[in-house]
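Only one structure is covered here, and it is reproduced in the block below.
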Amino acid sequence: MKALLRPALSLFLLLSLITGVLYPLVVTAIGQLFFPQQVAGSLMGSQGQWLGSRLIGQAVTDPRYFWGRPSATASYPDNATASGGSNLGPSNPALLAAVTERITALRAADPDNPLPIPVDLVTASASGLDPHISPAAAYYQINRIAKLRHLAPTQLQSLVQAHLQAPQWGILGEARVNVLELNLALDSLVASATDKR
Amino acid sequence: MNPNAYLQIGLFMGILLLTVKPLGSYMTQIMDGRLPKFSRLLYPLEKAMYRGCGIEATTEMNWQQYAGAMLLFNLLGMIAVYALQRLQGLLPLNPQAFGAVKSDTALNTAVSFVTNTNWQSYAGESTMSYLTQMLGLTVQNFLSAATGLAVAIALIRGFTRHHQSTLGNFWVDVTRSILYLLLPLALLLALLFMSQGVIQNFSAYQPLHPLPTPQHSQVLAMGPVASQEAIKMLGTNGGGFFNANSAHPYENPTPLTNFIQMITIFLIPAALCYTFGQMVGDTRQGWAILAAMSLVFVVMAWAAIGAEQQGNPAFSGVDQSYSALQAGGNMEGKETRFGIIASALFATITTAASCGAVNAMHDSFTPLGGLVPLGLIQLGEVIFGGVGAGLYGMLIMVLLAVFIAGLMIGRTPEYLGKKIEAFEMKMISLSILITPLLILVGTALALLVGKASIFNPGPHGLSEVLYALSSAANNNGSAFAGLAADTPFYNILLAVVMGIGRFGVIILVLAMAGSLARKQRLAVTVGSLPTHGLLFVVLLIGVIIIVGALTYLPTLVLGPVIEQLLMLGHS
C-alpha cells in the first residue's frame, strides 16, 4: 500500500495539472486567437450594449415580432442561467394543459389564421434557450405580423425565405430559422419602409 | 420513418466504421508501448513523468496490485472532486461567487464523475465554479475514461498471456491512454467545437440589452465549455457543463457539432473491438463483437426514431406531421435544429454507450421512445458501452454465451484457447447479478422512501425512478430528469449504487483476468466452437437480450408499456 501511495499521489497531481489546467488553458488560448467571436458567445450588437447571442433564444411576447419556442426554464422563460426543459411526460395532464393554453393564445393573437399550428410553437424546447423555430412556425406567424405592421405578407415571406437555414450538408439536423436574426431583419425592413414614405 | 432517418443512421454507421481500423490499431500500438512516429514527441514527457512519480514502467503488477492501484487512484480523485466543491467559495475562478456545494450533492458528484457515470443532481451553471468544472470534473472525465481503458486492456492481456501472473502496469496504462489518445483527440475536438460556436472563456456571466424588450432582461451563463465538452463525449462521460447538457446551444450549437458528438461517443468503444482482435491475434473476433453491437444498435435507433416521429396522440389542433418545413413529431423537450431524428439517434447512442449526455429531454419522450434508452442501459451498457467498460462488459457476455453453447453441445467451454472454468463462471455470474440487484432493490427502496421526488404522475413516475437507478448502477448518467434527485436520500443511494456498479464489476473482471493469464492457451481444433461467425453473433445477441429481458421485463411492463397502452386508450 505504501509503495503505491507515492506513484498514486504524484501521478494524480501531475495528470490533474496536465488535463485540468494546461489543457483548458491551451484550448482557451487557441480559441481567443482563431475564434474570438465564437468563444465569447456569438454575441450580437456592440460592446457594452449586446443585444443577444445568435445562439441563445429570447422570450419575445410582443405580437409585432416573431415568437420563439416556448421555454420551461426556472423563474422566467429563456432564463440563460437556468437551462432546461419541462420534463413533462407525454401522458402528464399538465403537458396537455400547457399545450392547450399555448394553442388558445396563438389563436387569440391571430383569429383568422387559416394555417395549422406547427408543433414546435406549442412545445417547450430541451434547453429552454432554443434560438430557432421551424420554417413552418415562421410562416405561420406572417399573417399576424403583416397585419400589425401593415406590411404585405409577400414581403415577410421573402424575409423568412432569406433567413431559412437548410439542414447542414443537406442531411444533418433540420431546416430552421434563427428568431433573433429574423426579428432584427424585420426591424430594418420596417425602418427602410418608413424611410421610403 | 422518413428517408432522411435512414440516411442519417447510414451516414453515422458508415463514418464510425471507417474509424475503427485505424484508431483500433493505433490503440494497440500505444498500449503495447510501440509508439508511432507522430506520438514520439510526447515520449520524453512520459518518461519524465514516471521518473518524477517514482514509477518503474517495466515492473508489472498481478491482478491484486493492479486493482489496488486502480482503487487508490480513483479514491484520490473522489477526495479531490469532493474537496474542490466544498471549498470552491474560497478558491479562484469563481466569478459568480458560488458557495460550497452542499455535502450530499458534493459526495454524489464526486462518486459520479470518478465512476464515469456523470449523473448530475446539480445544475452546472448555478452551482459549480469554473475551477471546479476544470480541475475537478474535466480531470475526472479524463481519468475515469483512462481507468476504464486500462481495465479493458488488462482483461485482454488475460487472454493473450499464458502461465503468467501479471497483467501490466496500471500507472503506465493510464498515462499512455491519456497522453497519446485522450488528450490529442480532445484538443482536436475542442477546436472543432469552438469553430462552430461552443464557448471557451473565463468571463463573468454576460448581461444583455435585448432589442424587442422582453419582460425579463437576459444574462448569459459563460465558462470554459469547449475543453470540457470534448472529453465529456470522447470519454463517454456525459456530464454537461450546463444543466441542459448537449441540448444547450453553447455546448452543441449546430447539427454538425451534434453529429461529431454522436460519432465521438462511439469512437473509442468501437475501435477498442478492433484493438481486442488485434491483441489476441485474430481480428475476426473483434469484428464479430462489433457486428453484434452494431446490429442491436441499429434496430434500437430505428425503434426510437419511429416512436418519437409518431408524436403525441393527446394533442389536437396541432400539426405534428413531418414535412420539408418542420420536423413534426414529439417536439416537447427537443431542439429545433436537431428535430426528431438527430434527437432520437443521440438518445440511442448515449444510452447504448454509457455516455449519458443528452440533447433532448428523455423524460418527455413518448413511452416507447423512452423505453429504448432505458432498455439499452439495462442491457448492461455492452452495446458499445463506455470507454473500456463496454468491451469488458461485452466480453463477460461473450464468455457467458460460450458457456451456454458449451452446455448445449456438451463440450468444455473455451474462448480464444482459454478454458472457462468454475472460477471464471463465478466471477461472470456475480458481475451479471450485481447490477440488477442494485437496480431492483434500489428502485424498491426509492419507491418506499423517495416517492415525493417523483415529478410525473402514473406509470411514468415509476419509469423515472427505475431510470435513475438503472442509469446509476450501469454508470450511464442520463436521467428522466423530472425526478427531484437532489435530496440527501437520492444523493447517497445513487452514490452507493454508482460506486458498487463500477468498482464491484471492475474487481471481478480483474480477478478473472488474473486467472485467465495463468492458464495455458490451448490450440484451436475442429472441436472448438468458432466465435467469429454469424452463428455466434446471433447467439451472443440472444444471450444479451435474454439476460436483460428476464431481469427487467416485469418492471418495464409496469412503467413504459402500461403508459403506452393508457395513452393509446385515451386518444
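Hey, can you tell me all the residues within segment A:11-25 that are open to solvent by 30 Å² or more (accessible area, probe 1.4 Å) and more than 29 Å from the chain's Cα centre (by Cα)? Those that are open to solvent by 30 Å² or more (accessible area, probe 1.4 Å) and more than 29 Å from the chain's Cα centre (by Cα): A:Leu13, A:Leu14, A:Leu17, A:Val21, A:Leu22.
Considering the conditions (1) within 11 Å of another protein chain (Cβ to nearest Cβ); (2) open to solvent by less than 60 Å² (accessible area, probe 1.4 Å), B:Arg51 is excluded by exactly one of them, (2). Taking every residue in segment B:543-568 that is without any contact (Cβ under 8 Å) to a residue 24 or more places away in the chain and pairing it with any residue that is open to solvent by 60 Å² or more (accessible area, probe 1.4 Å) and not in a helix (DSSP H, G or I), at least 6 positions away or on another chain, yields no pair with a Cβ-Cβ distance below 9 Å. Identification of helices (runs of 4 or more DSSP H) wholly contained in segment B:475-571 with 1 or more residues that are among the aromatic types (Phe, Trp, Tyr) yields B:488-499, B:534-556. Only a single criterion out of (1) open to solvent by less than 20 Å² (accessible area, probe 1.4 Å); (2) within 14 Å of chain A (Cβ to nearest Cβ) is not satisfied by B:Pro459, namely (1).
Of the listed requirements (1) of a type outside the set (Ser, Thr, Tyr); (2) open to solvent by less than 10 Å² (accessible area, probe 1.4 Å); (3) within 14 Å of another protein chain (Cβ to nearest Cβ), B:Asn118 misses just one: (3).
For segment B:1-40, residues that are more than 24 Å from B:Val296 (Cβ to Cβ) and aromatic (Phe, Trp, Tyr) total 2. Residues in segment A:26-65 that are modelled with pLDDT of 95 or more, aliphatic (A, V, I, L, M) and more than 22 Å from B:Ser246 (Cα to Cα): A:Val26, A:Ala29, A:Ile30, A:Leu33. Restricting attention to segment B:188-205, the residues that are more than 20 Å from the chain's Cα centre (by Cα) and open to solvent by 10 Å² or more (accessible area, probe 1.4 Å) add up to 9. Quick one: in segment A:169-197, of everything that is more than 24 Å from A:Gly52 (Cβ to Cβ) and in a helix (DSSP H, G or I), which residue is most open to solvent (accessible area, probe 1.4 Å)? Ranking the candidates gives A:Lys196 first. Of the set (1) facing chain A (nearest Cβ under 7 Å); (2) surrounded by fewer than 21 Cβ atoms within 10 Å (Cβ to Cβ), all apply to B:Pro184 but (1). Filtering segment B:161-181 to residues that are open to solvent by less than 10 Å² (accessible area, probe 1.4 Å) and either more than 14 Å from every other protein chain (Cβ to nearest Cβ) or more than 26 Å from A:Leu14 (Cα to Cα) (or both) leaves B:Leu167, B:Gly168. Within the option set B:Gly136, B:Gly158, B:Gly77, being assigned to a helix (DSSP H, G or I), in contact (Cβ under 8 Å) with a residue 60 or more places away in the chain, within 22 Å of A:Val21 (Cβ to Cβ) and open to solvent by less than 30 Å² (accessible area, probe 1.4 Å) holds for one residue only, B:Gly77.
B:Pro255 satisfies every condition listed in (1) touching a strand residue (DSSP E or B) at 6+ places or on another chain (Cβ under 7 Å); (2) of a type outside the set (A, V, I, L, M, F, W, C); (3) surrounded by fewer than 19 Cβ atoms within 10 Å (Cβ to Cβ) except (3).
For segment B:199-212, the set of residues classified as aliphatic (A, V, I, L, M) and more than 7 Å from every other protein chain (Cβ to nearest Cβ) consists of B:Ala204 only. Taking helices (runs of 4 or more DSSP H) as the structural unit, those lying wholly within segment A:67-168 and holding at least 2 residues that are at the interface with chain B (Cβ under 8 Å from one of its Cβ atoms) correspond to A:93-109, A:135-149. For B:Leu272, the test of being assigned to a helix (DSSP H, G or I) and crowded, with 24+ Cβ neighbours inside 10 Å is passed.
The values are calculated or read from the model by the stated rules, or taken from the named source; none is laboratory data. Since this is a predicted model, take the numbers as computed values, not measurements. FYI the Cβ positions are ideal-geometry reconstructions off the backbone, even for glycines, and counts take in every protein chain you see. Accessible surface areas use protein heavy atoms only, side chains included; no ligands, DNA or RNA. Shrake-Rupley method; radii C 1.70, N 1.55, O 1.52, S 1.80 Å.
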